[in-house]
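Working notes for the structure below.
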Amino acid sequence: MMDDTHKNEIIDKKTIKSGIEVLGDVRWGSHFCVFYKSKQDLIEILVPYFKAGLENNEFCMWITSEPVEVEAAKSALAKAVNNLDLLISKGQIEIIDYKQWYLKSGVFDADIVLTAVVGAAGLQAVLAAARKGRGAMRAV
């Protein structure tokens, strides 16, 4: 049986496909920021990013905002992922409007958002993904 230290060493060394060509493979748990100029730039970055996550059986959450709103995100991703509707219905990916995530109380409240990300709602999303056999989570 592996001790926790050894398990963490394995996780630290594991790389996953980012889906973003210029990044290539990244270490598990990586965080990064990208800059874009146009709606098309953003789609060209995020579609392969989420496609790679779905192919890796990860839980994905795309919180949309202008210039790429929910329907445009679904449409763009559906062109790259054949069974997107099935993956949405199975809960492997959620594509939601930023107002549902950031403006739950009608106004932006940083405490509510941070609690959702690192608190109960975020934890519930991660736990639900783990119960469904998802090895990781991707979010934008």
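Keeping to segment 55-75, report how many residues are of a type in the set (D, E) and closer than 20 Å to K17 by Cα.
We begin by selecting, within segment 55-75, every residue of a type in the set (D, E); these are 55, 58, 66, 69, 71.
Checking the rest, the ones that are also closer than 20 Å to K17 by Cα come to 55, 58.
Within segment 55-75, residues that are of a type in the set (D, E) and closer than 20 Å to K17 by Cα number 2.
Given the options A78, A52, name the one that is over 19 Å from K17 (Cα atoms) and of a type in the set (A, V, I, L, M, F, W, C).
Values: A52 fails: over 19 Å from K17 (Cα atoms).
The unique qualifying residue is A78.
Hey, can you tell me all the residues within segment 28-51 that are loosely packed, with under 13 Cβ neighbours inside 10 Å and either touching a Gly at 6+ places or on another chain (Cβ under 7 Å) or at positive phi (or both)? Reasoning before the result, please.
Kept after step one, since they are loosely packed, with under 13 Cβ neighbours inside 10 Å, are these residues of segment 28-51: 29-33, 35, 37-38, 40.
Listed by number, the list holds a single entry, G29.
I want to confirm something. Restricting to segment 44-67 and keeping residues that are part of a strand (DSSP E or B) and touching a Lys or Arg at 6+ places or on another chain (Cβ under 6 Å), which single residue is farthest from A78 (Cα to Cα)? Walk me through it before giving the result.
Within segment 44-67, the first condition is being part of a strand (DSSP E or B), and the residues that meet it are 59-65.
Pick out the ones that are also touching a Lys or Arg at 6+ places or on another chain (Cβ under 6 Å) and you get 59-60.
On the way: F59: 16, C60: 14 Å.
Checked segment 44-67; the qualifying residue farthest from A78 (Cα to Cα) is F59.
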- Checking V26, V22 in turn, the sole residue that is under 13 Å from R138 (Cβ atoms), without any contact (Cβ under 8 Å) to a residue 24 or more places away in the chain and among the β-branched types (V, I, T) turns out to be V26
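If you check K104, K13, K7, which single one turns out to be farther than 17 Å from V140 by Cα, modelled with pLDDT under 85 and surrounded by 14 or more Cβ atoms within 10 Å (Cβ to Cβ)?
Working: K13 fails: surrounded by 14 or more Cβ atoms within 10 Å (Cβ to Cβ); K7 fails: surrounded by 14 or more Cβ atoms within 10 Å (Cβ to Cβ).
Going through K104, K13, K7 in turn, the sole match is K104.
Could you run through segment 57-86 and say how many residues are among the aliphatic types (A, V, I, L, M), surrounded by fewer than 17 Cβ atoms within 10 Å (Cβ to Cβ) and in contact with a helix residue (DSSP H, G or I) (Cβ under 7 Å, 6 or more places away or on another chain)? First the steps, then the outcome.
Narrowing segment 57-86 to residues among the aliphatic types (A, V, I, L, M): 61, 63, 68, 70, 72-73, 76-78, 80-81, 84, 86.
Cutting the leftovers down to surrounded by fewer than 17 Cβ atoms within 10 Å (Cβ to Cβ) gives us 70, 72, 78, 80, 86.
Still in the list and also in contact with a helix residue (DSSP H, G or I) (Cβ under 7 Å, 6 or more places away or on another chain): 78, 80.
Summing the residues that are among the aliphatic types (A, V, I, L, M), surrounded by fewer than 17 Cβ atoms within 10 Å (Cβ to Cβ) and in contact with a helix residue (DSSP H, G or I) (Cβ under 7 Å, 6 or more places away or on another chain) in segment 57-86 gives 2.
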- Query: In segment 28-43, what residues are in contact with a helix residue (DSSP H, G or I) (Cβ under 9 Å, 6 or more places away or on another chain) and in a helix (DSSP H, G or I)?
  - Reply: K39, I43
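The values are calculated or read from the model by the stated rules, or taken from the named source; none is laboratory data. What you see is a predicted model, and the numbers here were worked out from it, not measured in a lab. Cβ coordinates were reconstructed from backbone atoms using ideal geometry, including for glycine residues, and neighbour counts include every protein chain displayed.
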